[in-house]
1. How many nm is it between the label spots at A132 and E57, if each spot is 7 Å from the Cα in line with the beta carbon?
2. Tell me, what HN-Hα J-couplings in whole Hz come from the Karplus equation 6.51 cos²θ - 1.76 cosθ + 1.60 at θ = phi - 60° for each residue of the range 34-40, using x for Gly and Pro?
3. When the expected Rg is taken as 2.2 N^0.38 Å, what fraction or multiple of it is the alpha-carbon Rg of the chain?
4. When the dipole is taken about the Cα centre of the chain, and only Lys, Arg (+1) and Asp, Glu (-1) are charged at their Cβ, what size is it in debye, to the nearest 20?
5. Return the single residue from K31, K22, K47 with maximal mean-square fluctuation; model: Gaussian network over the chain, springs between Cα atoms under 10 Å.
Amino acid sequence: MHSLLLSIRPEHANKIFSGSKKAELRRVKPKLSKADTVLVYVSSPVKALVGGFEVDEVIEGSPDEIWCQVEKVAGISKDEFQKYFVGTNKAFAIMINKAWSLGAPLSLLELKEKWLNFHPPQSYRYITVEQAAALGI
């Protein structure tokens, strides 16, 4: 079982937690399987760990193939999708199951206090059970 810390822009994170976004798109395939946990770090200006979700599955294919599968649940327009995947022939979608919010978000300062040498990932990073436990998750 893997855990992933994922940096997501505020507008996309809001859609995940409202339930309107059920697919998190990526240009690089993360090593995730069904029931793995993804923790969501919301990037600037929020700069906080706000919750997470359980992975349903990770799908891969050409950008056109992925768009056909996720267009109703991606939370972005086709134009935004195409701009994100320009220059690549592979696309990945982490399908979201059971998103949850923390009772109180953990700010960047709190994360640095609880987790020695914490730096928010540019895209994502794998974390251990011990690292998640240090955050109280």
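1. Going by the 7 Å Cα→Cβ label model, 2.2 nm.
2. Result, rounded to whole Hz: 3, 6, 5, 10, 10, 8, 9.
3. Numbers: Rg = 14.6 Å, N = 137, 2.2 N^0.38 = 14.3 Å.
Ratio of Cα Rg to 2.2 N^0.38 Å: 1.03.
4. 180
5. Comparing K31, K22, K47 in a Gaussian network model of the chain, the most mobile one is K31.
Throughout, read-outs are computed from the coordinates displayed, never taken from laboratory work. Note that the coordinates shown come from a computational prediction; the quantities given were computed from them, not determined experimentally. With ideal geometry, Cβ positions are generated from the backbone for all residues, glycine too; neighbour counts draw on all protein chains shown.
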